[in-house]
Amino acid sequence: MASSRAEVDLQRRLELVHMTVFCQSFSPCGKYLAAGNNYGQIAVFSLSAALSSAAEEEDQKSVITFTAHDGPVYSLVSTDRQLISAGNGDVKAWNWSEITKKGCKEAWSRKPPFRANLELPEINCLLLNQKDNTLLTAGGDAVVHVMDMETGAFTQAFQGHMDYIHCLALRDQYNECLSGSEDGTVRLWDLRTGQEAQVIDVYRHQECARPQYGKWIGCLATESEWMVCGGGPALTLWHLRSVTPTTVFPLQDCQQQVMFYQDLILSAGNNPMINHGQISSGVKAQIPCTAPSVYSLAINEQSQENMVFQLETHISSR
């Protein structure tokens, strides 16, 4: 009996050593954080318990952990009622009202219409468009799929990329979606017509090209007339109307996550740093973190008392 328990404990320790957390999402109330890992599990944490001044080690463990997908969980987003997850070839939803009561019953599951000759590709991008209540998905099949959240039907497919899509962003005021791919391009899509509006060959611009790291685009974000993107090419701020790179951030490592926040550009990637950049003056600060690589950044703006800046790499759960 003791030997069996020791083997289980050893197996759990080995899993934690090799665990990678790819994604995260805050609950609509802002009191919980969900994180998805490479074992197909979603762990949910109570932020109020973990951030309490009286918190103990037990309070920082997950309140519930459940298996969501057969393979890794690559992306998570939340609506006002549901947590939505993506894995290899499928998208699933879980009701937050049940999760917070330590339930994990699947609410629905959908599979985008992939080409028949493909193995089930990774879906590592989920993006909610609240204007028309749709969910955009993208990944290994190099297509952006649009799903109607009301009916569950896939209504559009944006085709043009030649390789894996790593990231998506919305440009709300123009009704556009941006996608960044392994093929080295950022493509702008008209959400009304489904047509490709513009192609930016990022890797062809000498200012940001880094052939030694490849041409892949691993992250992008937009704000009004601006886009910031990086990956193989250096993290660069672009003026979209003129399609001009205006600021190249002097970061040696490849960036995997980026976001606009207030007057800052926050990014992280293949080094143990969270980078704080500014539009006009490059990198303002670099904040050390414990993990060697960062796959997800998020800010909890749903709850003032639990307002935190969260990064995801490795995580401990029950």
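The values are calculated or read from the model by the stated rules, or taken from the named source; none is laboratory data. Since the structure is predicted, the reported quantities are computational estimates derived from the model, not experimental observations. Neighbour counts are summed over all protein chains in view; Cβ atoms, including those assigned to glycine, are modelled from backbone coordinates with ideal geometry. In case anyone asks, the SASA skips ligands and DNA or RNA and just uses the protein heavy atoms, side chains included. Shrake-Rupley method; radii C 1.70, N 1.55, O 1.52, S 1.80 Å.
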For the chain, whose charge dipole is built from +1 on Lys and Arg Cβ atoms and -1 on Asp and Glu Cβ atoms, the candidate among SER303, GLN82, ALA197 with its Cα farthest towards the positive end is GLN82
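Compute the Cα gyration tensor for segment 131-180, then decide on rounded, prolate or oblate, letting a ≥ b ≥ c be the square roots of its eigenvalues: rounded whenever a/c is under 1.5, prolate when a/b is larger than b/c in the other cases, and oblate in all that remain.
Values: a/c = 2.31, a/b = 1.28, b/c = 1.81.
Oblate.
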How much length is gained on full extension from GLU119 to ALA54, taking 0.36 nm per residue of separation minus their Cα-Cα distance?
18.5 nm
How big is the charge dipole of segment 32-176 about its Cα centre, in debye rounded to the nearest 20, if each Lys and Arg gets +1 on its Cβ and each Asp and Glu gets -1 on its Cβ?
260
By the C-alpha gyration tensor axes a ≥ b ≥ c (rounded if a/c is under 1.5, else prolate when a/b exceeds b/c, else oblate), the shape of segment 212-286 is oblate
Residues whose built amide H sits under 5 Å from the amide H of GLY218, excluding neighbours closer than 5 in sequence, are GLY230, GLY231, GLY232
FRET efficiency, ASP132 to ALA197 (Cβ-Cβ, R0 22 Å, nearest 0.05)
0.80
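In terms of the ratio Rg/(2.2 N^0.38 Å) built on C-alpha atoms, what value belongs to segment 187-318?
Details: Rg = 15.6 Å, N = 132, 2.2 N^0.38 = 14.1 Å.
Normalised by 2.2 N^0.38 Å, the Cα Rg of segment 187-318 equals 1.11.
Considering only protein heavy atoms and a probe of 1.4 Å, how much of the accessible area of the chain is carbon and sulfur, as a whole percent? Working shown, then result.
Numbers: 7160 of 15080 Å².
Solvent-exposed carbon and sulfur of the chain make up 47 percent of the total.
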For the chain: lysine pairs with Cα atoms under 20 Å, gap of 8 or more or different chains, count?
9
Per residue, how large is the accessible surface of the chain? Use a 1.4 angstrom probe and give square angstrom.
47
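With each run of n ≥ 4 DSSP H residues scored as -39500 (n - 2.57), what mean residue ellipticity at 222 nm is computed for the chain after dividing by its residue count and rounding to the nearest 500 deg cm²/dmol?
Values: 3 runs with 24 residues, N = 318.
After summing the helix terms and dividing by the residues of the chain, the value is -2000 deg cm²/dmol.
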Can you work out the PRE-style zone for ILE287? Point 7 Å along Cα to Cβ, and I want the residues of segment 52-95 with backbone N under 18 Å.
52
The chain: angle of helix 2-17 to the longest principal axis, Cα-based, in degrees nearest 10
20
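Does segment 149-259 come out rounded, prolate or oblate, given a ≥ b ≥ c as the square roots of the eigenvalues of its C-alpha gyration tensor, rounded meaning a/c under 1.5 and, failing that, prolate meaning a/b above b/c?
Details: a/c = 2.00, a/b = 1.63, b/c = 1.22.
Prolate shape, in that a/c is at least 1.5 and a/b is the bigger ratio.
Using only Cα atoms, what Kirkwood radius does the chain have, in angstroms?
Details: mean 1/r = 0.0492 Å⁻¹.
One decimal place: 20.3 Å for the Kirkwood radius.
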Can you give the FRET efficiency to the nearest 0.05 for ASP80 and SER109, using r as the Cβ-Cβ distance and R₀ = 22 Å?
0.65
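How about segment 141-249: which trypsin sites (Lys or Arg not before Pro) there lie in a loop by DSSP and see at most 13 other Cβ atoms within 10 Å? Numbers along the way, then the final one.
Values: sites: ARG171, ARG187, ARG192, ARG204, LYS215, ARG241; in loops: ARG192, LYS215, ARG241.
Of the trypsin sites (Lys or Arg not before Pro), the ones in loops of segment 141-249 whose Cβ has at most 13 other Cβ atoms within 10 Å are ARG192, ARG241.
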Rounded to the nearest 20 debye, what is the charge dipole size of the chain about its Cα centre when +1 sits on each Lys and Arg Cβ and -1 on each Asp and Glu Cβ?
180
